[in-house]
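Accompanying notes for the structure given below.
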Amino acid sequence: MKRLFALVIAGLLPLLGGCEMVVFQPQGPAARSITELINWSIWWMLLVVVVVFALFVYIVWKYRDRPERQGEEPPEEHGSTVLEIVWTVIPILIVIALTIPTMRTLYDLEKPPKGYEDEKPLVIHVTSADWKWIFSYPEQNIETVNYVNIPAGRLVLFKMTSASTMQSFWVPALAGQKYTMNKMETELYVVADRPGSYEGRNTNFNGRGYAHMQFEVLAQTPQDFEKWVQEVKQTAPKLTKEKYEQLLLPTHLGRLTFVDTHLQWVNHADPHSKTYTNPELYRGHGYQGKIFIREDNYKNSSTCNDEEQKALESDSGGEHHGH
Amino acid sequence: MSANVNHSLPLEYQTEQNRLNILGFWIFLGAEIVLFATLFAVYGVLGHRYAGGPTPSDIFKLNDVLIETLLLLTSSFTCGLAVFFMRQRDMKKMLVWFIITLLLGAGFLFMEIREFIHYVHEGATMQTSAFLSSFFVLLGTHGAHVTFGIIWAIMLVIQLLQRGLTPVTARKMFIISLYWHFLDVVWIFIFTFVYLKGMVA
Amino acid sequence: MGIKWNEIFVGGDPLLVGSQIAIVLTVVAIVVGLTYFKKWGWLWREWLTTVDHKKIGIMYILSGVLMFFRGGMDGLLMKAQTARPEMNFLDAQHYNEIFTTHGVIMILFMAMPFLIGLMNVVVPLQIGARDVAFPQLNALSFWLFFSGAMLFNISFVVGGSPDAGWTSYFPLAGKEFSLGIGNNYYAIALQIAGLGTLMTGINFIVTILKMRAPGMTLMKMPMFTWTTFITSIIIVAAFPIFTVALALMTFDRLYGTHFFTLSSGGSDMLWANLFWLWGHPEVYIVILPAFGIFSEVIATFSRKTLFGYTSMVVSIVGIAFLSMIVWVHHFYTMDAGPAVNSFFSITTMLIAVPTGVKIFNWLFTMRKGRIQFTTAMLWALAFVPNFVIGGVTGVMLAMAAADYQYHNTLFLVAHFHYVLIPGVVFAVFAGLYYWWPKMFGFMLNEKLGKYHFWLFTIGFNVTFMPMFFLGLKGAVRRAYTYSAESGFAPLFLVSAIGSIILAIGFAVFCYNIYWSFRYAKRNVSHDPWDARTLEWMTASPVQFYNFAVVPEVKQLDAFWHMKKRGETLTLKESDIKKIHMPSNSGLPFYMAVVFGITGFFLVFEAHIAAAVAAIGIVIGLVIRSFDYNDGYYVSVDEIKRTERTWRNVEGGTENHVG
Amino acid sequence: MEHKSKYPISHVVGFLFSLVLTFVAVFVTLKMNVSYTIVMWIIGSLAVIQAGLQLFMFMHVTEGEDGKTNVMNMAYAVFVAIVIVAGSIWVLTSGHAAH
């Protein structure tokens, strides 16, 4: 069976273009536990496929209609209790064999990975917006856009929310996905085994800019990370409220770095936080519908620079910028 | 489908087509249960999201609601009486009780609309908060069903006067009575899980 | 009335202008053609007002073919756009609209009408009924479905297409992020079509419960009837949820309520929850009838009765039950906690058990049989291995923790295409080749059918197999492009080539319909496949009253055993009695038109116009309430005449297998 | 069918019962000093009893040749209703995502 699997894989390799499958190359404990679970399930599923395919080929070949069988009448046969019990019970056993590790992994993923239970995590707030990722380091008082630096070998806790549509945070090399949702908070524990650059992206469709809503996770040695923090503190501009509201408009931005975080004005995970929507910037082609004025929208209280907004409006169309 | 009439049964069950229609309506009521269950689920999820707007205890007036409840409960009873007399082939009593049912239903509707107008005047509209959106749509769906029932019943009264009690009109009468009782059942749950719950919390 | 008529047409894109011109030309051609050949009256009498379940079924199937064409075009455009990295064939907005309409059309306007069409044609015949329980309601179901489908389809030239995915997740689909009216089309057109489907469900439950031939107990029903029955129950249990969800969506978008909005306390995940509460059962609504079709085809062409009939029935009921309690597996990643995810992982994986039982039962039906490789049977055979691939990847996705790595990737897309194409499309093709002579009195060409089969199945595998690997490499669904560095390019190209083969396969099918319509032999026997169930007992094409005398059923595969006993074609003329039939009615068509107009105004948020149009709906209901037309009787003479014609040619007809 | 009696006794009894149940529910809600959960359980049960009353005493769900079908249909609808209501609330109020 293993040989067959190897054969199938060997046959497909040229097609895969020599590029490996990221899901099978975990770079951290969270992703690794999922990969183990996936591998476990693949063996069982392969067993099912082999049995059914073999039976299928055997039966179809053996009992095909041939000229010499003309007029032959197959026997009356209504079923077999024994056989039917067999093929009910075996799948149930397979389901049990898959359920137990699934549940164990599910509960494990909610906690820090083994070996990191007692460590104080580095907390990073993730805020997704259309169509960018904003990372806030409350401890370091830094905010970055579309990239996040983390120290390798250290426990990181992402506290995730969205300022606009629902997105899904996925860094396949490090951990499985979780949604980011407005006025809600989801949590994800991540450890990167070693320094390296890992690709992250949004997997949940959220409009025109979706395809390019990617970011980089750069795992650094703790020293490099410290160095980077200091460097940012000295060189990066301060994040202002106006600047932040501009960030939230539907645009593509390249990488940005700021001192200060937006958490001092708003935490979008708070169920009673203000709503940041700009429906008029989402005008698409075709016939337009009516806009409703929301009372808890940020615009009803804070000022928004009209000219700046117009400038942004003009480039929120089908084209993409930055990145 | 053909008019095989079985005289040993009550009028509404006498023909095959009647039995099909009645079963079909029961199954439709099954679908209606699912429909209202979904609205209750929505209310269950959103019912406490006031978004700074009014809460149930701010706006609900239990006395009015209690009157609405009694009107609808009584109408369900009178509707049952109408069917009872239909089975006695007493067309006159049936019509009297059925029209009383209609009037009670109209009374309920009047009270409910008044209640809604009152809420809107208090600034509680369906756009105010998720709680009020789910409240108005749940109640509004029930109210729309009652309205539809009343229009339907008026059509039926006309037909009864035109044609008298036949297997077809009896079947229609029986089906509308199922519908009417069902609306009462829905109201019981609205009364309990919207109004009374709102008063508890 | 509030509509800016000058802005109503979507312009700017040569593709769209081309389609607009094509639509106008087609409509003109149809109108001119009908007038020239003086076919308006015929169209009205024979089709638009018909309440005959067979004609309604054929209209459903025609709509299905049409919608397959539209949905397939969308699929091809997507494949073309992603064939190479960084392509500029379609922009993001256009791509978003196309995958949205592809999903909606394929599930709701292609799979559903095909299957409901086959149910309509076959089920009353299989149970020996004259028609469905409520023939006029059945016509209304079809016309509402058709009205919804047409309303949805005009969106791409009038006003703009929906662009939030077939799942239309909030808040994206709300007014806060999708200002265009495209998503109003989604909410309203699907509502209208959904009403029709709900009525179909009620209709078939009553039909199957109350109108079976004498002697046909529940456990003697053909498997397709069983699956239709259970499907109808799922429809009645699930569609009201969708009705509510769409209504709330309409309120949010049109009247500013806060069910799923970000602001004022709405809950976006509530939409996902309601959508999948309906959406998962919906998957079984399209899969179960397909299982029924395969059961009939496999039993017929193995020349054996279905293996393990009772366990088949039990497993269908089991699937129906489980289908209601698995919906959260579509959004494990919303982080409802390990307890919720564990529960739904278990229920989801459990569905594999009854499904596995069915697979083995089909295999053992073939064992010891004499398997005839007709085109219909080829589809059923190809279904088994392909569906198993879809099934095992489904179990992998069901494991919530593992799903964190598959969710929203092309692995998922590949999975559900491996379930829905073998599970539904193969079944539809199998059913069409199998029942075509029953519907039209001539066969589809078997040779063309085999070309169709091989092109389609090979194309299907070449298109979707690479997607599993793309997903594992990190390629996500719904992205209109990808970078050259990602390394996705070769597999995407293979997939695009596969889709062309797939499309050629479908083209061969369309040509087959044309060819067979023109040239196929017309003297086909009433039982060309030497089949097993009652529908083969009556003429091909079936006379409008179905059976001159309703047969008495003694066991499963009733017709097969009658043939064994040699009692099939003996019809004592003294047994013939006059038959009661329902009259045609123009009301369902009228209702569909007013529903369509009301829907159109609602889409454009013209509330007063919509309210005025809605009065038309009320008028329709009132007319129906006062309608006491009780149908008519077919005279014994007419029945005798009709029966003699097809029974006389019996000697000269051809059996295609035997 | 079972109504051969001259007076609609079952209707009257059902009506009186439903009145009593309604007032008991109001009383429990307004006048009894017990916790929210207990009140909800009591009035919830009263509502279910009253629905059953309507179903059996007014709607005669069991009568006719399809009585059994009707009962199964109602039972299934209630099952689906419970799944929808309890399921939605459970799913949307569990875990980190809940607020």
Suppose the filter is within 14 Å of chain C (Cβ to nearest Cβ), in contact with a Pro (Cβ under 8 Å, 6 or more places away or on another chain), within 22 Å of B:G198 (Cα to Cα) and of a type in the set (V, I, T); does B:T15 pass it?
no
Hey, A:A54 hits all of (1) part of a helix (DSSP H, G or I); (2) more than 9 Å from chain C (Cβ to nearest Cβ); (3) surrounded by 12 or more Cβ atoms within 10 Å (Cβ to Cβ); (4) not charged (D, E, K, R) but one; which does it fall short on?
(3)
What about C:S302, is it touching a strand residue (DSSP E or B) at 6+ places or on another chain (Cβ under 6 Å), more than 9 Å from chain B (Cβ to nearest Cβ), under 21 Å from C:G423 (Cα atoms) and in contact (Cβ under 8 Å) with a residue 40 or more places away in the chain?
yes
Would you confirm whether or not the stretch C:205-217 contains a residue that is under 17 Å from C:W278 (Cα atoms) and modelled with pLDDT of 95 or more?
no
Keeping to the stretch C:395-425, report how many residues are more than 30 Å from A:E110 (Cβ to Cβ) and free of Cβ contacts under 8 Å to residues at least 60 places away in the same chain.
4
The number of residues in the stretch A:197-219 that are open to solvent by 20 Å² or more (accessible area, probe 1.4 Å) and away from chain C (no Cβ under 12 Å) is 3
Quick one: count up the residues across the stretch C:332-350 that are more than 9 Å from chain D (Cβ to nearest Cβ) and buried (at least 23 other Cβ atoms within 10 Å of the Cβ).
5
Given the conditions (1) surrounded by fewer than 21 Cβ atoms within 10 Å (Cβ to Cβ); (2) in contact (Cβ under 8 Å) with a residue 12 or more places away in the chain; (3) away from every other protein chain (no Cβ under 14 Å), every one holds for C:E535 apart from (1)
Pick from C:S315, C:S267: which is more than 18 Å from the chain's Cα centre (by Cα) and within 11 Å of chain B (Cβ to nearest Cβ)?
C:S267
Among residues belonging to the stretch D:62-88 that are more than 8 Å from chain B (Cβ to nearest Cβ) and modelled with pLDDT under 85, point out the one that is nearest to the chain's Cα centre (by Cα).
D:T62
In a helix (DSSP H, G or I), facing chain A (nearest Cβ under 7 Å) and not polar (S, T, N, Q): does that describe C:Y418?
no
Right, A:T251: in contact with a Pro (Cβ under 9 Å, 6 or more places away or on another chain), within 14 Å of another protein chain (Cβ to nearest Cβ), of a type in the set (S, T, N, Q) and in a loop (DSSP other than H, G, I, E, B) or not?
no
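Only one of these is in contact with an Asp or Glu (Cβ under 8 Å, 6 or more places away or on another chain), among the aliphatic types (A, V, I, L, M) and touching a residue at least 12 places away in the same chain (Cβ under 8 Å): C:A238, C:A193, C:A247. Name it.
Result: C:A238 is the single residue among C:A238, C:A193, C:A247 that is in contact with an Asp or Glu (Cβ under 8 Å, 6 or more places away or on another chain), among the aliphatic types (A, V, I, L, M) and touching a residue at least 12 places away in the same chain (Cβ under 8 Å).
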Kindly indicate the residue of the stretch A:127-145 that is open to solvent by less than 10 Å² (accessible area, probe 1.4 Å) and of a type outside the set (A, V, I, L, M, F, W, C) and also farthest from A:S164 (Cα to Cα) among those meeting that condition.
A:Y137
Of everything in the stretch B:162-186, what is part of a helix (DSSP H, G or I), farther than 27 Å from B:T69 by Cβ and touching a helix residue (DSSP H, G or I) at 6+ places or on another chain (Cβ under 8 Å)? Give them in sequence order.
B:R163, B:P167, B:V168, B:T169, B:A170, B:R171, B:K172
Could you please let me know if C:Q81 is within 14 Å of chain A (Cβ to nearest Cβ), surrounded by fewer than 24 Cβ atoms within 10 Å (Cβ to Cβ), in contact with a helix residue (DSSP H, G or I) (Cβ under 7 Å, 6 or more places away or on another chain) and of a type in the set (S, T, N, Q)?
yes
Which one of these does B:P54 not meet: (1) within 14 Å of chain C (Cβ to nearest Cβ); (2) in contact with a Gly (Cβ under 8 Å, 6 or more places away or on another chain); (3) buried (at least 21 other Cβ atoms within 10 Å of the Cβ)?
(3)
Taking the stretch B:175-185 and keeping residues open to solvent by 10 Å² or more (accessible area, probe 1.4 Å) and facing another protein chain (nearest Cβ under 10 Å) leaves B:W180, B:F182, B:V185
Which one of these does B:T125 not meet: (1) part of a loop (DSSP other than H, G, I, E, B); (2) open to solvent by less than 20 Å² (accessible area, probe 1.4 Å); (3) free of Cβ contacts under 8 Å to residues at least 40 places away in the same chain?
(2)
Matching entry among C:F373, C:F307, C:F387 (being in contact with a Gly (Cβ under 6 Å, 6 or more places away or on another chain), part of a loop (DSSP other than H, G, I, E, B) and more than 14 Å from chain D (Cβ to nearest Cβ))
C:F307
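Conditions (1) closer than 20 Å to B:V194 by Cβ; (2) within 18 Å of the chain's Cα centre (by Cα); (3) touching a residue at least 12 places away in the same chain (Cβ under 8 Å), marked per residue:
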| residue | (1), (2), (3) |
| --- | --- |
| D:P8 | no, no, no |
| D:V12 | no, no, no |
| D:L16 | no, yes, no |
| D:F23 | yes, yes, no |
| D:V28 | yes, yes, yes |
| D:K31 | yes, no, no |
| D:A47 | yes, yes, yes |
| D:A51 | yes, yes, no |
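Just to be sure before I move on: is C:I61 of a type in the set (V, I, T) and surrounded by 16 or more Cβ atoms within 10 Å (Cβ to Cβ) in the structure I sent? First the steps, then the outcome.
Working: of a type in the set (V, I, T): yes; surrounded by 16 or more Cβ atoms within 10 Å (Cβ to Cβ): yes.
In short, yes.
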Report those helices (runs of 4 or more DSSP H) wholly inside the stretch C:541-639 carrying at least 3 residues which are surrounded by 13 or more Cβ atoms within 10 Å (Cβ to Cβ) and small (G, A, S).
C:587-603, C:607-625
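Here are some residues: B:A106, B:A144. Which one is at pLDDT 95 or above, within 24 Å of D:G52 (Cα to Cα) and open to solvent by less than 60 Å² (accessible area, probe 1.4 Å)?
B:A144
Look at the stretch C:239-257 and say how many of its residues are away from chain A (no Cβ under 14 Å) and not hydrophobic (A, V, I, L, M, F, W, C).
Qualifying residue count, the stretch C:239-257: 2.
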Do we have C:W362 as touching a residue at least 40 places away in the same chain (Cβ under 8 Å), closer than 20 Å to C:V424 by Cβ, open to solvent by less than 10 Å² (accessible area, probe 1.4 Å) and more than 14 Å from chain D (Cβ to nearest Cβ) here?
yes
Residue match in the stretch A:59-69 (condition: hydroxyl-bearing (S, T, Y), in a helix (DSSP H, G or I) and either at pLDDT 95 or above or over 29 Å from the mean Cα position of the chain (by Cα) (or both)):
no
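The values are calculated or read from the model by the stated rules, or taken from the named source; none is laboratory data. Worth saying up front: this structure is predicted, and the values here are computed from it rather than measured. Glycine also receives a Cβ, built like all others from the backbone with ideal geometry; neighbour counts cover every protein chain displayed. Surface areas here come from the heavy atoms of the whole protein model, side chains and all, with no ligands, DNA or RNA. Shrake-Rupley method; radii C 1.70, N 1.55, O 1.52, S 1.80 Å.
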